[in-house]
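The block underneath contains the structure these notes are about, expressed in structure tokens.
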Amino acid sequence: LSHGAGGRAMAQLIDEIFREAFDNPMLDQGNDQAAFDVPAGRMVMSTDGYVISPLFFPGGDIGSLAVHGTINDIAMAGARPLHLAASYIIEEGFPLADLQRIAGSMGCAARDAGVAIVTGDTKVVERGKGDGVFIATTGIGVVPPGLHLSGERARPGDRVIISGYIGDHGVAVMSTRRDLGFETELLSDSAALHGLVAEMARVAGSSLRLLRDPTRGGLATTLNEIAQQSGVGFLIDEGAIPVRAEVAAACELLGLDPLYVANEGKLVAIVAPDAAETLVAAMRAHPLGRDAALIGEATADEQRFVQMTTSFGGGRIADWLMGEQLPRIC
Amino acid sequence: MNTPLRTPFAEPIQTVEIRVRGRVQGVGFRPAIWRIARKIGLDGETFNDGEGVLIRARGAASQIAALIDDIRAAPPPLAEIASIDTRDYHGDVGSGFVIPESSSGATRTEVSPDAAICEACAAEIFDPFVRRFRYPFTNCTHCGPRLSIVRSVPYDRATTSMAPFPLCEACGGEYRDPADRRFHAEATACHVCGPRAKLIRFDGRAFSFEQHSMLDDVDAALSLIQKGEIVAIKALGGYQLACDATNAEAIATLRERKRRDRKPFALMARDLEVVRRYATVGADEAAALTSREAPIVLLVAGGSERLPDQIAPGLATLGFMLPSTPLHLLLLRRMTRPVVMTSGNLSDEPQVIGDAEAAQKLSAIASYALIHNREIANRIDDSVVRRMGGRLRVLRRARGYAPASIALPQGFEKAPEILAYGGELKSSFCLVKDGRAVLSQHQGDLEDALTYDDYRKNLALYRELFDHRPTALAADLHPDYLSSKLARMAATGDGLPLIEIQHHHAHATACLAENGRPLDAAPVLAIVLDGLGYGADGAIWGGEFLLADYRGFERIGTFKPVAMPGAAQAAREPWRNLYAHLMAEMGWPAFAMNFAELDVFAALSAKPLATVQAMLKSAFNSPQASSCGRLFDAAAASVGLCFDRQAYEGEAAARFEAIVSSKTMAEEGEELAYPLSIPNLKSSGLPYIEPLGMWNALLGDLILKTPAPVIAARFHKGLARAIAAMALKLARRGDAEGRPPRFDTIALSGGCFQNKVLFEKVLGRLQALDFEVLTHSRTPANDGGVALGQAAIAAAHLIDAGADRRKAS
Ligand SMILES: [Fe+3]
Ligand SMILES: [Mg+2]
Ligand SMILES: [Zn+2]
Ligand SMILES: [Zn+2]
């Protein structure tokens, strides 16, 4: 890709790539905006920037991630995603073939999810001013009536459910960082979760307090966020959390805690206690919730701590970490 | 005795008021004064109030002087007098000397540490003709439980866990009689009115000691121990687990059930004679064992008999204590062998103190429990001391020591009230009040939820006990220490300033404060060697040479920063540090070419090196640390010690120290000590200790099949020499212009100085260089002492800020 004077032709070429890959009538109109009617109900909107290295990893790439991530942010409000917008910052010299591949995977992800990318923008920046490609996606969706999910709704006694194995995405991404040199069969769990969410909302209805996808910072960070927002604590049973042996082994080797490793196709659900069993059963019947597990409950704790019962029966505080996992051992 | 018994004829009579401050309440101070005053023939009274003890006395000047002399010369055993001030009194005093019933005024009691049973009480429980024969909760004003039973102030029976046991008539009589050893002994009790011990089966099945024809339940518990059983014991500051220390099978079972791999077990023996069969006991070690603090004393193993290796795997020391409560004394009465007396808990949890919790957790370890119906109000672990460099050093400060206060040095008299939150893993906290520092008992690893809860509970308790209202908070700079987070929350919540303090600076000033170094004294060189602490530059430090005083520090030397592949994981797995060191020094190809025949090469090759190397290369989760502790781990791993994993913090270094050949230490010339050099860091120009020469020599020794004990000795010697050389180099800077050295005093702190061999070598070398060397003895050199340093730094800061404000106004 080149930048500057000869850029006009290039911009056109890029537009063509995306239009082809996304292939939907609204985009094809060629306007600078998408126009559509909105259904009645509560709308949600979310935006996210995607910056990832490497761009391609087992089970996905930055393109599918940019679609799944924003759909999930919409879905965590219980909403059905309607449309996506995408914006690209591309570094000069970025291989066209890679861009094609990313666009293709975005298109695929959007089609599979049943959500169209209806408007977008591309910019090419000078060499050295970007890192290959950055993608920002924005989505809107609509919440079915009667559903109100929000971070401050967890109450002591509520149950905590995780939709499947944790840490797959983070470890899969790390495994492909060429310079880390360890092999694994793991695939990223990157997936759009709104289908699963719709099923959960159908089964649990207003018993569902809130949903959140434990992306960066992993399960521990997500639970800490919820604890802060809701003013509760959490007591989680370490043994009940689904972690693949491969992920556990990789984390041990790298000195990471799977609780803090990123996921891209998992959600945490906080649900009223009496609906928990039914909800887990329903989740397990869905392909993206096959390995769903009840992992703990919200507690009354003015300190708002996330505590983990270890296999020894003891309790460990799994607090937020400031950035890196700085060793605290003296 | 030089006290005159009659008033000399010519002396005029005067009336004075004498104020005694310090730890003078709840320790039998008033009756002591009462006895002396009566003996001398003074009129007057003595009582407790908000500031301590007040005496009003009428008599001749010489009589009054004699009273004060006698109090100073022989205060009650648990008292600690801070000051005695006398002034004229113009009110009335009646004739005779009395202790009026406490006016319910504001008495402020400095709660004493728990104290070992006194001789008089010990004699009573073995005397079949007195009413406390074999009574396991016997105590008096000179001994017994204090901090472990207190719930709030003022310290009297109603605010302790003795509250449910109203005094019987006989005990009440003693309690009210100023002539009795139990006058106002708040925890006094007897068979009739006090708590009772009981032997139970955790499974609830009936059990009666009569079927074993034993004296009583306590005695029956011993019979079970002698038979090889593990018995849970509800002790003073927490539950313990006991078994016969000569029974390898029982010990193995205990280790397995407690899930404690290799961490050494503490031992208890009936008397010094038993201890001496297994360990060498010097004069001051014997004094420590029999002191009222009654700590665990680390002794050199060796005597006519040996204990199974699983007591302290790979170590050359045994941690012994003597019975310090009547319960333990009675329990071990018939026992001529040592018993394991370890904390009653699972793996890394805090010691259990509640009965329900004990039944739930300890029943998986022990079938029987010797319990009683007095609650343990506060968890207090056993303290640990060790003789190093000619003095006893507290390694873990808890039972017997806390909450005794420490006078802050000159210049700190006006320090405002401060609360310092301490560290993380061996946490303790510290209050500053009235120019003194109150360092809490050892709390433990705050990441453990129960320990954290306990830490918070104790913060609240201490603040109440000492009527403490901090004007500022102090905490470690580390962003993720739970203690620091708690301090940040408290600072925000209470609107108090928070002073964040660099970890090693706090170590340094803890040592200064403990040694009474005045606030305005010149900076010292602080050599702080530990595992890891958060540096002022955001990097990880752990082997630091700081030019420091209470007001600040300058980092003027360090250990070589080496990556820790896997961060905290590298602290658990020494092979990672070994690999990182070798990579930093010579790289794998050079190591493989020269040392491929070594066991350590094979062992490292079997590790997933491709990934670890990639982590180092890309600095993935591999922070650089200038840590002395990690260097020890690496060196220990090179001779095969804890290569794969440490079972407990500091194990590798402790075992490396344990194997040091004393013959090599004493007899071998310095030329074979491993060479470490002192170049300057490229980045900052900071001089650092470079271990390349050490590694080449050590690996060369391995090629020559040099025994590990010799290697360990040469390592310790070489490291000590390098540390001393660094000190000298730093002191001499500026010599060229004939200026005096930058410092003449050196403070040693940090957990690595709990290594006896390193400590004594460094101390000896620095003293030989004519430095004045300050070391820890009353507070731990490890993170257990950090809170004291934080408190001192914060105090200095606030004193200066106050002075500035006064100047400005
Ligand atoms: Fe430290
Ligand atoms: Mg987002
Ligand atoms: Zn006594
Ligand atoms: Zn009684």
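A few comments on the model shown:
- The requirement of being within 17 Å of B:Ala250 (Cα to Cα) and in a helix (DSSP H, G or I) is not satisfied by B:Leu327.
- Qualifying residue in region A:312-325 (condition: open to solvent by 10 Å² or more (accessible area, probe 1.4 Å) and within 16 Å of ligand 2 (Cβ to nearest atom)): no
- Top-ranked residue of region A:179-197 - restricted to ones that are open to solvent by 40 Å² or more (accessible area, probe 1.4 Å) and closer than 15 Å to A:Ala245 by Cα, ranked as nearest to the chain's Cα centre (by Cα): A:Leu187
- Evaluating B:Arg334 against the criteria (1) within 26 Å of B:Leu224 (Cβ to Cβ); (2) within 23 Å of the chain's Cα centre (by Cα) leaves one unmet condition, (2).
- Check on A:Asp23, more than 14 Å from every other protein chain (Cβ to nearest Cβ), away from ligand 2 (no atom under 16 Å from the Cβ) and either open to solvent by 70 Å² or more (accessible area, probe 1.4 Å) or of a type in the set (Ser, Thr, Tyr) (or both): yes
- Residues located in region B:115-143, provided they are open to solvent by 10 Å² or more (accessible area, probe 1.4 Å) and within 16 Å of ligand 4 (Cβ to nearest atom): B:Glu124, B:Val130, B:Arg131, B:Phe133, B:Arg134, B:Pro136, B:Phe137
- Search result, residues across region A:234-258 that are touching a helix residue (DSSP H, G or I) at 6+ places or on another chain (Cβ under 9 Å) and more than 10 Å from chain B (Cβ to nearest Cβ): A:Phe234, A:Ile236, A:Glu238, A:Ile241, A:Val243, A:Arg244, A:Glu246, A:Val247, A:Ala248, A:Pro258
- Residue that is crowded, with 24+ Cβ neighbours inside 10 Å and polar (S, T, N, Q), where the choices are B:Ser343, B:Ser383, B:Ser363: B:Ser383
- Restricting attention to region B:538-582 and to residues that are in contact with a helix residue (DSSP H, G or I) (Cβ under 6 Å, 6 or more places away or on another chain) and open to solvent by 20 Å² or more (accessible area, probe 1.4 Å), the residue that is nearest to the other protein chains (Cβ to nearest Cβ) turns out to be B:Phe553.
- One residue alone among A:Ser87, A:Ser105 is part of a helix (DSSP H, G or I) and either more than 30 Å from A:Ser207 (Cβ to Cβ) or within 16 Å of ligand 4 (Cβ to nearest atom) (or both), and that residue is A:Ser105.
- Residue pairs whose Cβ atoms lie under 6 Å apart, sitting 6 or more positions apart in sequence or on different chains, and linking a residue in region A:298-324 that is over 14 Å from A:Leu259 (Cβ atoms) to a partner that is of a type in the set (Asp, Glu) and crowded, with 17+ Cβ neighbours inside 10 Å, are A:Ala298/A:Asp158; A:Gly314/B:Glu349; A:Met322/B:Asp480.
- Only one of B:Ser347, B:Ser304 that is of a type in the set (Ser, Thr, Tyr) and more than 28 Å from B:Ala449 (Cα to Cα): B:Ser304
- Among the residues listed as B:Ala179, B:Ala163, B:Ala250, the single one being surrounded by fewer than 24 Cβ atoms within 10 Å (Cβ to Cβ), hydrophobic (A, V, I, L, M, F, W, C) and not in a loop (DSSP other than H, G, I, E, B): B:Ala250
Table: residues versus (1) modelled with pLDDT of 95 or more; (2) away from ligand 3 (no atom under 14 Å from the Cβ).
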| site | (1), (2) |
| --- | --- |
| B:Gly94 | no, yes |
| B:Glu101 | no, yes |
| B:Asp114 | yes, no |
| B:Phe165 | yes, yes |
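- Taken together, the residues in region A:176-196 that are within 14 Å of chain B (Cβ to nearest Cβ) and aliphatic (A, V, I, L, M) amount to 1.
- All told, B:Gly194 falls short of being open to solvent by less than 20 Å² (accessible area, probe 1.4 Å), within 11 Å of ligand 4 (Cβ to nearest atom), out of contact with any strand residue (DSSP E or B) (no Cβ under 8 Å at 6 or more places or on another chain) and closer than 21 Å to B:Phe29 by Cα.
- From B:Pro154, B:Pro136, residue being more than 16 Å from ligand 2 (Cβ to nearest atom), more than 14 Å from chain A (Cβ to nearest Cβ) and at pLDDT 95 or above: B:Pro136
- Here B:Lys663 clears all of (1) assigned to a helix (DSSP H, G or I); (2) basic (Lys, Arg); (3) closer than 26 Å to B:Gly566 by Cα except the condition numbered (3).
- Scoring A:Pro81 on the criteria (1) farther than 25 Å from A:Asn224 by Cβ; (2) surrounded by fewer than 17 Cβ atoms within 10 Å (Cβ to Cβ); (3) within 19 Å of the chain's Cα centre (by Cα) leaves a single failure, condition (2).
- Hey, B:His507 within 20 Å of B:Asp744 (Cα to Cα) and within 14 Å of chain A (Cβ to nearest Cβ) or not: yes
The values are calculated or read from the model by the stated rules, or taken from the named source; none is laboratory data. Keep in mind the model is a prediction, meaning the values are calculated, not measured. A quick note on method: Cβ atoms are made from the backbone with ideal geometry, for glycine too, and the neighbour counts reach across all protein chains shown. Heavy atoms of the whole protein, side chains included, go into the accessibility calculation; ligands, DNA and RNA do not. Shrake-Rupley method; radii C 1.70, N 1.55, O 1.52, S 1.80 Å.
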